[in-house]
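Below you'll find the structure, written out as structure tokens, and then a few comments.
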Amino acid sequence: MRSTRWRPAVPEVIRVRLRPVREADLAALEEGHSRDADPWNWFRHMPAGGLRRHFAEGMISEEGGTLAVETPEGALAGGVSWFTVPHGPTAACRALNIGISLLPGQRGRGYGAAVTAAVSQAALGAGAAYLVLFTDLANPTSNALYQRLGYEPIEDRVVLAFEAPG
């Protein structure tokens with residue numbers, strides 16, 4: 001796992017529109033966010049029907065949400081989701097985990113870069129003290145993209161999970 005910090009020097013990227021998710025988007029988003037469609041998509045993986053239940057409950061809350069990513073031509077390109085996590089000694093210390101997932105046919109067109117740049121700029125504009133990304137070292141596409149957008153590697157980590165025998 002690589003940890004990177006952002007320096008606010010964002011090159012010009014293609015423009016996308018973030019908008020509320022529509023009911024008509026749900027089937028494409030559920031299919032496009034599956035592990036089969038996107039092996040790198042570990043973020044907020046939902047079981048079948050989970051996105052529809054989330055839509056029925058409201059897609060945006062104080063704790064998290066999902067917006068649709070739309071191309072300049074108005075086509076659905078994917079989604080960006082976020083949720084808050086504790087990040088410090090008090091309840092007020094929170095961080096946002098943000099995940100971007102593009103539909104398979106919309107990848108490689110600069111939309112992920114555009115969303116990453118827009119979210120990074122919005123977070124800094126809203127007063128974020130710093131931005132840190134965690135990426136999978138085995139995903140060269142995202143690692144190259146983040147460096148192109150101005151993020152700098154600060155450390156590499158290994159994450160281990162231990163299970164009790166039996």
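Observations, loosely collected:
- Selected from GLY65, ALA114, PRO140, residue furthest toward positive end of dipole (the range 62-143; charges at beta carbon): PRO140
- Across the range 89-99, computed HN-Hα scalar couplings (Karplus, 6.51 cos²θ - 1.76 cosθ + 1.60, θ = phi - 60°) run x, 10, 4, 6, 7, 9, 10, 9, 9, 10, x Hz from first to last residue, x flagging Gly and Pro.
- Nitroxide proxy distance, nm - points 7 Å out along Cα→Cβ at ALA126 and ALA92: 1.8 nm
- Spacing of the modelled spin labels on ALA161 and ARG53, each 7 Å from Cα toward Cβ, amounts to 2.0 nm.
- Residue-wise HN-Hα coupling along the range 64-73, computed from phi with Karplus coefficients 6.51, -1.76, 1.60 (Hz; x: Gly, Pro): x, x, 9, 10, 7, 9, 10, 6, x, 8
- Residues PHE83, PHE134, PHE162, sorted so that the one with the fewest Cβ neighbours within 10 Å comes first: PHE162, PHE134, PHE83
- Label zone (ARG109, point 7 Å along Cα-to-C-beta; backbone nitrogen cut-off 17 Å) within the range 47-83: 68-80.
Values quoted throughout were computed directly from the atomic coordinates according to the rules given, and no laboratory measurement underlies them. Please read all numbers here as calculations on a predicted model, not as lab measurements. We place every Cβ from the backbone using ideal geometry, glycine too, and count neighbours over all the protein chains shown.
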